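Written out below as C-alpha coordinates is the structure these notes cover.
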Amino acid sequence: MDRTNPSSQTQHRPIYGSTTNQRSNNTINHPIASLLRQLQSHVPNYSGQSFGFLALFISGGILLLLTGITVTAFVLGFIAFLPLIIISSPIWIPLFFLVTGFLSFAGFLFGTAAVVSWTYRYYKGMHPVGSDQVDYARSRIYDTAAHVKDYAGGYFHGKVKDAAPGA
(Lines give C-alpha, C1' and ligand atoms only; values in the text may rest on other atoms or scores of the structure.)
Protein backbone atom coordinates (compact mmCIF):
# COMPACT_ATOMS: atom_id res chain seq x y z
CA MET A 1 0.00 0.00 0.00
CA ASP A 2 1.42 3.35 -1.01
CA ARG A 3 0.87 5.99 1.70
CA THR A 4 1.75 8.92 -0.55
CA ASN A 5 -0.97 8.15 -3.09
CA PRO A 6 -4.37 8.28 -1.40
CA SER A 7 -6.17 6.73 -4.36
CA SER A 8 -4.21 3.48 -3.85
CA GLN A 9 -5.94 2.81 -0.52
CA THR A 10 -8.73 0.25 -0.75
CA GLN A 11 -10.85 1.24 2.24
CA HIS A 12 -12.34 4.71 2.51
CA ARG A 13 -14.58 6.12 5.18
CA PRO A 14 -17.79 7.83 4.02
CA ILE A 15 -17.96 11.61 4.06
CA TYR A 16 -20.29 13.06 6.69
CA GLY A 17 -23.67 13.79 5.11
CA SER A 18 -23.04 11.74 1.96
CA THR A 19 -25.64 9.30 0.70
CA THR A 20 -23.22 6.75 -0.72
CA ASN A 21 -21.13 4.37 1.34
CA GLN A 22 -17.95 4.45 -0.74
CA ARG A 23 -16.21 7.20 -2.65
CA SER A 24 -15.18 6.71 -6.18
CA ASN A 25 -11.49 6.49 -6.99
CA ASN A 26 -11.59 9.42 -9.41
CA THR A 27 -12.02 12.14 -6.75
CA ILE A 28 -10.29 15.48 -6.98
CA ASN A 29 -6.79 15.31 -5.51
CA HIS A 30 -6.94 18.49 -3.51
CA PRO A 31 -4.10 18.80 -0.99
CA ILE A 32 -6.44 19.33 1.98
CA ALA A 33 -8.69 16.45 0.98
CA SER A 34 -5.61 14.25 0.57
CA LEU A 35 -4.35 15.27 4.01
CA LEU A 36 -7.74 14.57 5.59
CA ARG A 37 -7.89 11.12 3.97
CA GLN A 38 -4.43 10.32 5.29
CA LEU A 39 -5.38 11.49 8.78
CA GLN A 40 -8.60 9.45 8.69
CA SER A 41 -6.68 6.32 7.79
CA HIS A 42 -4.52 6.69 10.93
CA VAL A 43 -7.38 7.44 13.33
CA PRO A 44 -8.43 4.41 15.40
CA ASN A 45 -12.04 3.29 15.05
CA TYR A 46 -13.74 4.37 18.28
CA SER A 47 -17.24 3.13 19.00
CA GLY A 48 -20.18 5.39 19.63
CA GLN A 49 -20.19 4.34 23.28
CA SER A 50 -16.77 5.81 23.94
CA PHE A 51 -17.88 9.02 22.21
CA GLY A 52 -20.91 9.07 24.53
CA PHE A 53 -18.71 8.64 27.60
CA LEU A 54 -16.45 11.43 26.36
CA ALA A 55 -19.46 13.72 25.90
CA LEU A 56 -20.74 12.72 29.35
CA PHE A 57 -17.43 13.52 31.03
CA ILE A 58 -17.06 16.85 29.21
CA SER A 59 -20.62 18.00 29.96
CA GLY A 60 -20.38 16.72 33.54
CA GLY A 61 -17.13 18.62 34.04
CA ILE A 62 -18.64 21.80 32.65
CA LEU A 63 -21.70 21.47 34.91
CA LEU A 64 -19.47 20.75 37.91
CA LEU A 65 -17.42 23.85 37.12
CA LEU A 66 -20.55 25.99 36.80
CA THR A 67 -21.89 24.58 40.08
CA GLY A 68 -18.64 25.47 41.84
CA ILE A 69 -18.72 28.99 40.45
CA THR A 70 -22.34 29.41 41.53
CA VAL A 71 -21.74 28.16 45.07
CA THR A 72 -18.61 30.32 45.41
CA ALA A 73 -20.50 33.41 44.21
CA PHE A 74 -23.35 32.69 46.63
CA VAL A 75 -21.01 32.27 49.61
CA LEU A 76 -19.03 35.42 48.76
CA GLY A 77 -22.25 37.39 48.23
CA PHE A 78 -23.63 36.11 51.53
CA ILE A 79 -20.44 37.15 53.33
CA ALA A 80 -20.49 40.57 51.67
CA PHE A 81 -24.15 41.26 52.49
CA LEU A 82 -24.16 39.66 55.96
CA PRO A 83 -23.82 43.02 57.82
CA LEU A 84 -26.75 44.43 55.84
CA ILE A 85 -28.80 41.31 56.54
CA ILE A 86 -28.05 41.50 60.29
CA ILE A 87 -28.86 45.20 60.50
CA SER A 88 -32.14 44.80 58.61
CA SER A 89 -33.19 41.54 60.34
CA PRO A 90 -35.96 43.23 62.36
CA ILE A 91 -37.64 43.83 59.01
CA TRP A 92 -36.84 40.47 57.36
CA ILE A 93 -38.14 38.14 60.10
CA PRO A 94 -41.70 39.57 60.32
CA LEU A 95 -41.74 39.93 56.54
CA PHE A 96 -40.74 36.26 56.21
CA PHE A 97 -43.57 35.14 58.49
CA LEU A 98 -46.03 37.41 56.71
CA VAL A 99 -45.10 36.12 53.25
CA THR A 100 -45.01 32.50 54.45
CA GLY A 101 -48.44 32.85 56.05
CA PHE A 102 -49.91 34.48 52.95
CA LEU A 103 -48.49 31.84 50.61
CA SER A 104 -49.68 29.02 52.88
CA PHE A 105 -53.18 30.49 53.06
CA ALA A 106 -53.28 31.01 49.29
CA GLY A 107 -52.03 27.45 48.70
CA PHE A 108 -54.61 25.93 51.03
CA LEU A 109 -57.35 28.05 49.44
CA PHE A 110 -56.30 26.98 45.94
CA GLY A 111 -56.12 23.32 46.99
CA THR A 112 -59.56 23.49 48.59
CA ALA A 113 -61.04 25.12 45.49
CA ALA A 114 -59.46 22.44 43.28
CA VAL A 115 -60.86 19.60 45.43
CA VAL A 116 -64.34 21.16 45.56
CA SER A 117 -64.30 21.76 41.80
CA TRP A 118 -63.19 18.17 41.09
CA THR A 119 -65.82 16.74 43.44
CA TYR A 120 -68.55 18.86 41.85
CA ARG A 121 -67.59 17.74 38.33
CA TYR A 122 -67.35 14.10 39.48
CA TYR A 123 -70.84 14.04 40.99
CA LYS A 124 -72.30 15.87 37.97
CA GLY A 125 -70.93 13.10 35.71
CA MET A 126 -68.39 15.21 33.82
CA HIS A 127 -65.62 12.59 34.33
CA PRO A 128 -62.72 14.74 35.61
CA VAL A 129 -59.16 13.46 35.49
CA GLY A 130 -58.73 10.50 37.84
CA SER A 131 -62.40 9.61 38.07
CA ASP A 132 -61.75 6.20 36.50
CA GLN A 133 -59.32 5.31 39.31
CA VAL A 134 -61.86 6.46 41.91
CA ASP A 135 -64.57 4.30 40.33
CA TYR A 136 -62.22 1.31 40.18
CA ALA A 137 -61.21 1.74 43.84
CA ARG A 138 -64.84 2.07 44.90
CA SER A 139 -65.79 -1.14 43.06
CA ARG A 140 -62.83 -2.98 44.62
CA ILE A 141 -63.81 -1.82 48.09
CA TYR A 142 -67.42 -2.86 47.48
CA ASP A 143 -66.37 -6.30 46.16
CA THR A 144 -64.02 -6.85 49.10
CA ALA A 145 -66.73 -5.85 51.60
CA ALA A 146 -69.20 -8.22 49.91
CA HIS A 147 -66.70 -11.11 50.09
CA VAL A 148 -65.96 -10.41 53.76
CA LYS A 149 -69.69 -10.25 54.51
CA ASP A 150 -70.32 -13.58 52.76
CA TYR A 151 -67.36 -15.23 54.48
CA ALA A 152 -68.28 -13.85 57.91
CA GLY A 153 -71.91 -14.83 57.46
CA GLY A 154 -70.94 -18.43 56.72
CA TYR A 155 -68.38 -18.47 59.51
CA PHE A 156 -70.77 -17.20 62.17
CA HIS A 157 -73.60 -19.39 60.93
CA GLY A 158 -71.38 -22.45 61.36
CA LYS A 159 -70.36 -21.31 64.87
CA VAL A 160 -74.00 -20.92 65.90
CA LYS A 161 -74.67 -24.53 64.85
CA ASP A 162 -71.65 -25.69 66.86
CA ALA A 163 -72.85 -23.83 69.94
CA ALA A 164 -76.38 -25.27 69.82
CA PRO A 165 -76.30 -28.53 67.81
CA GLY A 166 -79.88 -29.46 68.56
CA ALA A 167 -81.35 -26.06 67.74
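The values are calculated or read from the model by the stated rules, or taken from the named source; none is laboratory data. All values reported here derive from a predicted model rather than from experimental measurement. Counting neighbours? That spans all protein chains shown, and the Cβs are built from the backbone with ideal geometry, glycine included.
If the requirement is being modelled with pLDDT of 90 or more and surrounded by 10 or more Cβ atoms within 10 Å (Cβ to Cβ), which of these qualifies: Leu54, Leu36, Leu76, Leu84?
One residue alone meets the criteria, Leu76.
Which condition number does Trp118 fail, the rest of (1) free of Cβ contacts under 8 Å to residues at least 12 places away in the same chain; (2) in a helix (DSSP H, G or I); (3) not small (Gly, Ala, Ser) being met?
Here Trp118 meets the rest and fails (1).
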